[in-house]
Amino acid sequence: MPIPRVTLDSYATKYETVKIERRNGNLQMAMHTNNRKVIWNTVAHEEMSDALRIAGLDPNNQVIIIKGTGEAFIDEMDWDEISGGADRIAPGAHTGIEVIHFMMNHLNIEVPMIAAVNGPALIHADLALLCDVVLAADTAEFQDLPHFPSGLVPETASMSCGRCCWVPAAAATFCSPDKN
């Protein structure tokens, strides 16, 4: 079955948490909440996953750039929405097949990807670290805050980043529940 042809018009304005623009073949995906820094929640997770999938199918994208809005890449999570009010991520909340789809949608993109990390990347830092090029502001920090305090093992991609890219001390910092 042939893959349907994807055009920018079919997805550029589809998402409430991902602003999408393309100039000269360079697609920019800016994560946001009400045009301010993104507050990671279920909607942001699902929309970014779908935006990665669709952008990867668009033959007119020559480069894909992922960035945050404002002073952070992703540094805040809506714990109440994700956890149902508990102090940790609820079991079953984005811990199943949708996490695999999220990572595979990123990894299946065949054009170069650039992460413009404009500040702290404390949640889903793997979105940046799995890109081909990572440009980081002086204020950038990389960590995986939500998983260990919630008793969850980080996604395979997060752990793979550490195995292939980092020295042990950096991997230990990334995986620590304490913000350094």
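The values are calculated or read from the model by the stated rules, or taken from the named source; none is laboratory data. Computed from a prediction, not measured in an experiment: that's the story for all the values here. Ideal geometry is used to build each Cβ from the backbone, glycine not excepted, and the neighbour counts take in all protein chains shown.
Condition check ((1) buried (at least 17 other Cβ atoms within 10 Å of the Cβ); (2) β-branched (V, I, T); (3) assigned to a strand (DSSP E or B); (4) at pLDDT 95 or above) across all residues:
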| position | (1), (2), (3), (4) |
| --- | --- |
| M1 | no, no, no, no |
| P4 | no, no, no, no |
| K14 | no, no, no, yes |
| I20 | yes, yes, yes, yes |
| M29 | yes, no, yes, yes |
| V43 | no, yes, no, no |
| E46 | no, no, no, no |
| S49 | yes, no, no, no |
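Considering each residue of the stretch 126-148 in turn, at least one proves to be outside any loop (DSSP other than H, G, I, E, B), modelled with pLDDT of 85 or more and over 18 Å from M29 (Cα atoms). Exactly one residue out of I109, I89, I74, I100 is farther than 23 Å from R36 by Cα, modelled with pLDDT of 90 or more and either touching a helix residue (DSSP H, G or I) at 6+ places or on another chain (Cβ under 8 Å) or exposed (fewer than 14 other Cβ atoms within 10 Å of the Cβ) (or both): that is I109.
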